Structures are given as C-alpha cells and as structure tokens.
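The values are calculated or read from the model by the stated rules, or taken from the named source; none is laboratory data. As the structure is a computational prediction, the values presented were derived from the model and not from experiment. Neighbour counts run over all protein chains shown; Cβ positions are idealised from the backbone, glycine included.
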Amino acid sequence: MTNNMREYLKELIVTLVIAFVLSMVLRTWIIEGRSVPTGSMLPTIQLKDRLLVNKLVYHFKDPQRGDIMVFRPPDQIGATDDFVKRLIAVPGDKVEIKKGQLYINDKVQPESYLTAAMNYEFGPVVVPANSYFVMGDNRNNSFDSHLWGAWLTRDHLIGKAFCIYWPLDHVQALKR
C-alpha cells in the first residue's frame, strides 16, 4: 500500500468518524426525525408522515398553546412509545369539553384544524403547575389527556415538531 493510499484511508476514516459524531450530537440534543405511527393527529399529520423535531426549544422557552409536541407519555398510562399531540392547555388553564367544543378558561376555542366535533364531555379541570393538557387533532380517535387520568409533566417533553419532511407530497411547516 502506497503512502498516498494510506493518507487517503486515514482521511476517509477521520471524516467518517467526525460525520458520525456530529450526526449523533445533532440527533441526541438538537434535531431529530420521527415517524408518526397512528392517525391521532389527522388531518394535520397523516399516518407514517415523518416529522422534524426541535429538541432544544423547550430548554429556552415555555411550550405555547397550539404547539405540536413529541413527548414520553405519563408513566401511569403504561405506554412505551413516544406520542405526538397538540398542546391545548398550560399550567393554570381551566379545560372543559362540552357540546362538542373545547373551552379554555371559559372561552370557546377556535380550532380550524378539526374535521369533527368531539363526541364526549370532559372537565372542567385546572392544569396543575409544571403540567400540560394535550390532545390529538383527531379528537374522537386519540388516546390523550382527556382519557389518561394523569398529567403530562414538563420532564416528559422531547421537543416541538416543526415540519413534515416526508413523503414529499406532504412537506409543510406545522402551524399552531
């Protein structure tokens, strides 16, 4: 093996190691791709869509009503896979569902992303400190806060989903 070939292989290995380390750092702490395994967020997110998740954002600012979040579900519900849901209420908010409509702090919430009214009643409940109330956009077919009997706490948040990147015909930024 010539010296040129050895130098080339050495540079190639160093480049591959650096690329691997950088990709692991990005995936672990900054941005991650996720696949959506259920239809609980229809019509906003389709089954098998792939999302990009900002894993840094909630270290610098509080989650906002309407954010689409990825999180580990509350321990009490016994689920092991991460969930994707929309943030509906933040600490201190009063939540109620009646006559097919969502009320936050006694005000009806406009939810243009829904395709069907909720066919159940819920609450009223007040979201405790350090906790969140989340729901899927496919409200009548979503296992979410209104069914859990447990609160989603801040330590379970993974990040904010900010865009669909696959399949190509679904590419879009996710909005509140």
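See the values below:
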item	result
Among (1) surrounded by fewer than 19 Cβ atoms within 10 Å (Cβ to Cβ); (2) under 19 Å from V84 (Cβ atoms); (3) touching a residue at least 12 places away in the same chain (Cβ under 8 Å) - the single one F133 does not satisfy	(1)
Subset of the stretch 32-71 (residues that are free of Cβ contacts under 8 Å to residues at least 24 places away in the same chain and among the aliphatic types (A, V, I, L, M))	L47
In the stretch 91-118, residue nearest to the chain's Cα centre (by Cα) [restricted to those that are at pLDDT below 95 and among the hydroxyl-bearing types (S, T, Y)]	Y113
Count of residues meeting criterion [assigned to a strand (DSSP E or B) and within 14 Å of the chain's Cα centre (by Cα)] in the stretch 139-176	11
Elements of type strands (runs of 3 or more DSSP E) contained in the stretch 32-104, each with 3 or more residues being closer than 16 Å to A150 by Cα and not acidic (D, E)	83-89
Among the candidates T153, T80, residue that is closer than 30 Å to I30 by Cβ, of a type in the set (V, I, T) and touching a strand residue (DSSP E or B) at 6+ places or on another chain (Cβ under 7 Å)	T153
Residue count, the stretch 119-138 (criterion: farther than 15 Å from M41 by Cβ, within 21 Å of the chain's Cα centre (by Cα) and not in a strand (DSSP E or B))	4
